[in-house]
Amino acid sequence: MSNVYEQKVNDFMAKVIAKNPSEVEFHQAVHEVVESLIPFIEENPQYKDAKILERMVEPERLVMFRVPWLNDKGEVQINRGFRIEMNSAIGPYKGGLRFHPTVNLGILKFLAFEQVFKNSLTTLPMGGGKGGSDFDPKGKSDNEVMRFCQSFMSELFRHIGPNTDVPAGDIGVGGREIGFLFGQYKKLRNEFTGILTGKGLEWGGSLIRPEATGYGATYFAEEMLNTRGDSLKGKIVAISGSGNVAQYATEKVTQMGGKVVTLSDSSGYIYDPNGIDAEKLAFVLELKNVKRGRIKEYADKYGVEFFEGKRPWGVKCDVAMPCATQNEVNEDEAKTLVANGCFVVSEGANMPSTPEAIAVYQDAKILYGPGKAANAGGVAVSGLEMSQNSMRYNWTREEVDAKLHQIMKDIHATCVKWGKEGDYIDYFKGANIGGFVKVADAMLAQGLV
Ligand code: NDP
């Protein structure tokens with residue numbers, strides 16, 4: 001980047017940091033986007049004059065609220081709830097809810113900001129939002145989770161609606177939580193409507209929604225490999241996390257002929273050199289989704305190694321799929337991955353690679369699919385769930401999967417269109433510019449609102 005652009009990026013970031021102090025993840029997410037966009041905006045003054053980027057870093061609305069609830073001992077508990085309504089230029093706010101003790105304003109603003117670009121890339125009419133709470137579902141009984149969800153929705157319901165804001169799941173919010181939240185919304189509003197996505201199949205959910213993010217990130221990896229005349233067949237794949245995204249990435253990689261050798265949780269990772277096949281994955285699903293146990297139990301059951309407190313990036317692999325959380329691959333880990341021959345990174349999680357790690361991928365010119373493109377399959381199928389709810393009709397598994405696959409191909413094509421630099425495809429730049437243009441043009445058309 002030239003010095004002039006670098007100065008403009010620094011000036012822009014100085015204002016964002018001054019206005020949003022201590023929101024470090026938000027600064028990081030904005031910086032990643034601004035780096036790609038400032039040179040583009042300088043060449044397209046209509047966006048500059050209308051201060052589109054300055055408007056996009058300011059949420060349209062931000063709701064923060066108290067969530068009081070009673071634990072099983074009858075003790076009063078207080079958590080904090082949030083909903084960030086970031087941008088509605090191309091559709092109702094859309095984005096997940098995260099329940100995790102680390103949740104704060106900066107983390108949710110980073111996620112909401114990324115969501116705007118991601119949703120635009122899906123080609124579907126969805127704006128961007130994100131929300132959640134510092135509530136930790138781990139170790140809580142089903143009744144405690146239900147009481148928390150009911151209290152959370154008792155405030156959130158007045159800010160959302162099927163044409164206004166449609167939340168979904170994220171870390172700590174799966175089928176169980178979506179059920180409790182939906183039930184409370186229905187009771188308060190006295191209407192059965194598609195207010196959340198990720199619903200159960202019997203009550204408005206879409207087939208393939210649980211699978212969508214992991215499947216989508218795998219389809220994206222395959223698309224990237226295809227540009228080099230290659231495929232996932234026979235590839236060794238390291239995956240982090242063992243939640244929703246990691247589970248279905250494992251399933252799809254295996255179906256496409258790859259071998260997944262790692263999974264993790266916040267306690268450490270397991271390394272299974274023989275690969276996590278369908279039977280072992282069924283054990284993981286039961287362990288994580290029903291028993292809510294730890295991944296170490298996989299190592300105990302199958303006699304493989306467990307590396308306590310470690311992340312899986314030291315394992316030799318062709319493809320890495322970070323599917324746990326933000327900033328889970330640092331510079332040294334990225335260097336180790338590349339040195340060990342890894343040449344594809346497809347991000348199932350949001351912002352899992354630090355800026356320094358991304359620089360390592362770019363310098364090595366490996367195939368790097370950033371989260372806002374590679375993990376957009378989840379929200380894409382959420383968009384398809386909204387369509388099916390509006391039609392009061394359900395597509396088959398094959399129909400939804402085919403649409404998801406096509407959307408991932410389209411996202412890949414958009415990244416190539418905006419990110420191609422000679423022989424190299426900068427997917428990072430491609431995703432940022434490709435996601436920006438549609439939202440920016442809609443904002444221009446709608447005037448200063
Ligand atoms: P889950 O809650 O189902 O699983 C999260 C997994 O990541 C768990 O294995 C968890 O381990 C691990 N994890 C969470 N926080 C940390 C941490 N601080 N350090 C180490 N491990 C951690 O969440 P999802 O699978 O839904 O989400 C995973 C990622 O994918 C997130 O970045 C999310 O934003 C992103 N994403 C999810 C989408 C979806 O459709 N669900 C869509 C697009 C992106 P433990 O159980 O020990 O906490």
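May I ask you to compute the full-extension gain from ARG158 to ASN394, defined as 0.36 nm times their residue separation minus their alpha-carbon distance, rounded to one decimal in nm? Mind showing how you got there, number by number?
Numbers: separation 236, 0.36 × 236 = 84.96 nm, distance 2.80 nm.
Working it through step by step, the gained length comes to 82.2 nm.
Per residue, how much accessible area does the chain show when a 1.4 Å probe rolls over the protein heavy atoms, in square angstrom? Mind dumping the intermediate values first?
Values: 18040 Å² over 449 residues.
Computed with neighbouring chains in place, this is 40 Å² per residue.
Since only LEU188, THR250, GLY175 are under comparison, the one whose Cα sits farthest along the positive direction of the charge dipole of segment 165-256, derived from C-beta charges on Lys, Arg, Asp and Glu, is LEU188.
Using the per-residue mean of other Cβ atoms lying within 10 Å as a proxy for protection, in what order, highest first, do the peptides 231-240, 90-99, 189-198 fall? Intermediate values should be presented prior to the final figure.
Numbers: 231-240: 21.2, 90-99: 25.5, 189-198: 18.4.
Averaged packing, sorted descending, gives the order 90-99, 231-240, 189-198.
From the largest down, segment 1-156 spans 61, 32, 21 angstrom on the principal axes of its Cα atoms.
A crude spin-label estimate for the pair SER266 and LYS316, with each label 7 Å from Cα along the Cβ direction, gives 3.4 nm.
Please report the carbon-and-sulfur percent of the accessible area for the chain; probe 1.4 Å, protein heavy atoms only, DNA, RNA and ligands left out. Show your work: numbers first, answer last.
Values: 9090 of 18040 Å².
Roughly 50 percent, rounded to a whole number.
When a/c reaches 1.5 or more, the comparison of a/b and b/c decides; with that in mind, is segment 382-449 rounded, prolate or oblate per its Cα gyration tensor? Note, shape of segment 382-449 comes out oblate. Across bins of 5 angstrom width beginning at 0, how are the C-alpha pair distances of segment 212-374 distributed, in whole percent? Going out from 0 Å in 5 Å bins, segment 212-374 shows 2, 10, 21, 25, 22, 13, 5, 2, 0 percent.
Ratio to report: Rg/Rh of segment 206-284, with Cα atoms as the point set and Rh obtained by the Kirkwood method; give two decimals.
Numbers: Rg = 12.3 Å, Rh = 12.7 Å.
Rg/Rh: 0.97.
Fully extending the segment from LYS365 to ASN143 would add 75.0 nm, taking 0.36 nm per residue of separation and subtracting the current Cα-Cα distance.
Projected onto their three principal axes, the Cα atoms of the chain cover extents of 61, 55, 43 Å, largest first. Across segment 330-347, coupling constants 3J(HN,Hα) worked out from phi with the 6.51/-1.76/1.60 Karplus curve, θ = phi - 60°, read 9, 4, 5, 5, 5, 4, 5, 4, 5, 4, 7, x, 5, 10, 9, 10, 10, 8 Hz, and Gly and Pro carry x. The slack between ALA282 and TYR424, meaning 0.36 nm per residue of separation minus the straight C-alpha distance, is 47.3 nm.
When each of the peptides 288-299, 64-75 is scored by how many other beta carbons lie within 10 Å of its residues on average, the order from highest to lowest is 288-299, 64-75. Both the radius of gyration and Dmax for segment 308-449 are 17.5, 54 Å, in that order, over alpha-carbon atoms.
What does the charge dipole of segment 212-374 about its Cα centre add up to, to the nearest 20 debye, if the Cβ of each Lys and Arg holds +1 and the Cβ of each Asp and Glu holds -1? Don't skip to the end; give the middle numbers.
Details: 18 positive and 21 negative charges, 43 e Å.
Result for segment 212-374 is approximately 200 debye, rounded to the nearest 20.
The values are calculated or read from the model by the stated rules, or taken from the named source; none is laboratory data. Owing to the predicted nature of the structure, the values given are computational and were not obtained by experimental measurement. A quick note on method: Cβ atoms are made from the backbone with ideal geometry, for glycine too, and the neighbour counts reach across all protein chains shown. Ligands, DNA and RNA are stripped out before the accessible areas are found, and what is left, the full protein with its side chains, is counted by its heavy atoms. Shrake-Rupley method; radii C 1.70, N 1.55, O 1.52, S 1.80 Å.
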